[in-house]
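The values are calculated or read from the model by the stated rules, or taken from the named source; none is laboratory data. The model shown is predicted, which means the values in this text are computed figures rather than measured ones. When we count neighbours, we look across all protein chains shown, and the Cβ atoms used for this are built from the backbone with ideal geometry, even at glycine.
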Amino acid sequence: MGAADPVERWRRARDDPSRAVLEGFHPVKHALRFGAEILEAVSPDPAALLELARSLAPDLAEELAERVEPVEREVFERLAPRPPETGVAAIARRPDVEPERILDDPSPAPAILLERPRRMGNVGAVIRVAAAAGAAGVLTTGRHDPWNPAAVRGAAGLHWAVPVARIDGLPASDRPVVALDPRGDPLDPASLPSRALLAFGSERHGLGEEEATAAPRQGDPQAPVELHPPAGVEQLRHLTLEVRARRPAPKPQAC
């Protein structure tokens, strides 16, 4: 670790747009598996952490043993608002993510747009589902950073498994917009178009007028469809899996 006060250094990292703070074993584990550049990793009990890694992620045990530095427990507990019980935290370099590359991805996978989300835990849950379902990426609008440590924690570090970026507003794109909102028509996942941009509103107020009226209803596949916020993450899982299921099967490759 550097010579600067570690608590101050980690505080700065939480606000640094080029850094991501990982709190807990699972975020660190997934970040490593998906190629994150770890700049610093600490634990108040490296021996216990190594035992945990050997149990849950034996493929990463040696790497964690080499990377993680010991830190006093009193210091560790000041590095995060909720110190992770699994006894490890890390600072990683954020990957460069261009929103245009998410939108221009030619694969049939959907992209996710979250309009002005407020609860970072929910953002993390969406990212986790999007990564598992093979979405093209997750975009957010509003003032909150989707790389906030709470979102990274909620996503279990899967920000490195799917592109995640913040944008200013509804992007211009050739993707068909599917606005998911309580004011819409009943949802039929089987009718989702290929390469859909699934637009979700905020937890409290739903989609704004611009997004909710992105296309007329009249049988248009871009018309708003009904989605109630409490079931949002679960329905997102079904939506993305539905689109994923309709992808062409990959061609077999030689071993």
Quick one: in segment 81-98, which of the residues that are of a type in the set (A, V, I, L, M, F, W, C) and either modelled with pLDDT under 95 or surrounded by 20 or more Cβ atoms within 10 Å (Cβ to Cβ) (or both) is nearest to PRO44 (Cα to Cα)?
VAL88
Lone unmet requirement of (1) surrounded by fewer than 23 Cβ atoms within 10 Å (Cβ to Cβ); (2) under 17 Å from HIS30 (Cβ atoms) for VAL126:
(1)
When residues of segment 20-31 are limited to those that are farther than 17 Å from PRO81 by Cβ and under 15 Å from the mean Cα position of the chain (by Cα), the one surrounded by the fewest Cβ atoms within 10 Å (Cβ to Cβ):
HIS26
Test VAL68 against the criterion of being over 23 Å from the mean Cα position of the chain (by Cα), surrounded by 20 or more Cβ atoms within 10 Å (Cβ to Cβ) and either closer than 15 Å to VAL28 by Cβ or aromatic (Phe, Trp, Tyr) (or both), and give yes or no.
yes
Given VAL75, VAL28, VAL21, VAL71, which one is outside the structural domain of ALA165 (by TED's automatic domain parsing) and within 23 Å of ALA135 (Cα to Cα)?
VAL28
Using the structure shown, decide if PRO84 is closer than 20 Å to ASP16 by Cβ, of a type outside the set (Asp, Glu) and in the same structural domain as LEU39 (by TED's automatic domain parsing).
yes
Residues of segment 130-160 satisfying the condition of being crowded, with 20+ Cβ neighbours inside 10 Å and modelled with pLDDT under 90:
ALA133
Is segment 36-45 home to any residue that is buried (at least 21 other Cβ atoms within 10 Å of the Cβ) and out of contact with any Asp or Glu (no Cβ under 9 Å at 6 or more places or on another chain)?
yes
